[in-house]
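Just below is one structure, and these are the notes that go with it.
Every read-out reported here was derived from the displayed coordinates using simple, explicitly stated rules and does not represent laboratory data. Please read all numbers here as calculations on a predicted model, not as lab measurements. Don't worry about glycine lacking a Cβ; one is built from the backbone with ideal geometry, like all the others, and counts go over all protein chains shown.
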Amino acid sequence: NAGVMQNPRHLVRRRGQEARLRCSPMKGHSHVYWYRQLPEEGLKFMVYLQKENIIDESGMPKERFSAEFPKEGPSILRIQQVVRGDSAAYFCASSLPLTVMNTEAFFGQGTRLTVV
Amino acid sequence: KNQVEQSPQSLIILEGKNCTLQCNYTVSPFSNLRWYKQDTGRGPVSLTIMTFSENTKSNGRYTATLDADTKQSSLHITASQLSDSASYICVVTRMDSNYQLIWGAGTKLIIKP
């Protein structure tokens, strides 16, 4: 059973370009979370998605950022018109539906975005 | 406000020594608290989970404690090894209509030989 797969592992974009980060959850997991981690800082929650549904996007910047988790295929985090401040590691995690007995999220290896 | 605060922000100790990391939270309603270990450049991995009724739980050289009354948790590492160098993140699950994970900023632990 493969773990959470993120690709690409490293992504370099020029200012103004678009960045698309992909996350394939663990088999059987229907919940996906995206986090951003700036250098030397902790993980910051961005968005929580179920299949075809955004549950909580309270951590997403209001502009340029969007996320989706379609019925088929990976979850995509999309950053339009990237700026230098978007340079960070973006981690995806997946889980079964969270319940009292199950609250573990499993993480991918992250995508390191560098904006030049 | 639902928050998780960790201390210290960073810690350097010599190999073989013990250390304790702290986590204070104001999350309500509380479901459980989990400690993650994040090696540099990798995703976090769960070490241990504490529910409301549990005071202590061990995983090898890692021992977590939880005081639900004072809303504090600690992670004690015994006989540290170089491989313990990592960030340790405290995560509290908030139990509402949609379970929410509230993350601390982490403690960066460096073990020196």
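For chain B, what is the charge dipole size about the Cα centre, in debye to the nearest 20, if Lys and Arg each add +1 at the Cβ and Asp and Glu each add -1 at the Cβ? Don't jump to the answer; show the numbers that get you there.
Details: 11 positive and 8 negative charges, 43 e Å.
That gives a dipole near 200 debye.
Which Cys residues of chain B have no other Cys beta carbon under 4.7 Å away?
Cys with no partner Cβ under 4.7 Å: B:CYS19.
Return the Cα extents of the stretch A:15-66 along principal axes one, two and three, sorted largest first, each rounded to a whole Å.
Ordered largest first, the stretch A:15-66 gives principal extents of 35, 25, 20 Å.
Within the stretch A:39-68, list the trypsin sites (Lys or Arg not before Pro) lying in a DSSP loop whose Cβ has at most 12 other Cβ atoms in a 10 Å radius.
For trypsin sites (Lys or Arg not before Pro) across the stretch A:39-68 that sit outside H, G, I, E and B with at most 12 neighbouring Cβ atoms in 10 Å, the list reads A:LYS62.
If you wrap a convex hull around the alpha carbons of the protein assembly as shown, what volume per residue comes out, as a whole number of Å³?
For the protein assembly as shown, the hull spanned by Cα atoms encloses 127 Å³ per residue.
Return the average number of partner chain Cβ atoms within 10 angstrom of each residue Cβ along peptide B:75-82.
0
Along the three principal axes, how long is the stretch A:1-45 when you take its alpha carbons, biggest first, rounded to the nearest angstrom?
Here the spans come out as 37, 23, 15 Å, largest first.
So which of A:LYS27/B:LYS1; A:LYS44/B:LYS57; A:LYS51/B:LYS37; A:LYS71/B:LYS57; A:LYS71/B:LYS1; B:LYS1/B:LYS108 end up more than 30 Å apart, counting from Cα to Cα?
Over 30 Å Cα-Cα: A:LYS27/B:LYS1; A:LYS71/B:LYS57; A:LYS71/B:LYS1.
Please report the spacing between the Cα centers of the stretch A:71-114 and the stretch B:74-99 in Å, no decimals.
Centre-to-centre (Cα) distance: 19 Å.
Can you give the longest stretch of chain B with no exposed loop site, where a site means trypsin sites (Lys or Arg not before Pro) in a DSSP loop (not H, G, I, E or B) with at most 16 other C-beta atoms within 10 Å?
With trypsin sites (Lys or Arg not before Pro) excluded where exposed in loops, chain B gives B:62-113 as its longest stretch.
Tally Lys/Arg at +1 and Asp/Glu at -1 over every other residue whose Cβ is under 11 Å from the Cβ of B:GLY41; what's the total?
For residues surrounding B:GLY41, the net value is +2.
Suppose R0 equals 35 Å; then what is the FRET efficiency for B:ARG61 and A:GLU40 from their Cβ-Cβ distance, rounded to the nearest 0.05?
Numbers: r = 26 Å, r/R0 = 0.74.
Efficiency computed from Cβ-Cβ geometry: 0.85.
Along the charge dipole of chain B, Cβ charges K/R +1 and D/E -1, which of B:LEU47, B:SER28, B:SER10 sits furthest on the positive end?
So the residue furthest toward the plus end is B:SER10.
Just the Cα atoms of chain A, one point each, no solvent: what log10 I(q)/I(0) does Debye give at q = 0.18, 0.21, 0.24 Å⁻¹?
Log10 of I(q)/I(0), two decimals: -0.87, -1.17, -1.49.
Using +1 on the beta carbon of Lys and Arg, -1 on that of Asp and Glu, and nothing else charged, what's the dipole of the stretch B:1-60 about the Cα centre, debye to 20?
That gives a dipole near 80 debye.
In whole Å, what are the Cα extents of chain B along the three principal axes, biggest one first?
For chain B, the Cα extents along the three principal axes come out at 47, 28, 20 Å.
Report the residue, chosen from B:GLN100, B:GLN22, B:GLN72, that carries the largest GNM mean-square fluctuation when chain B is represented by alpha-carbon nodes joined by springs under 10 Å.
Largest GNM mean-square fluctuation: B:GLN100.
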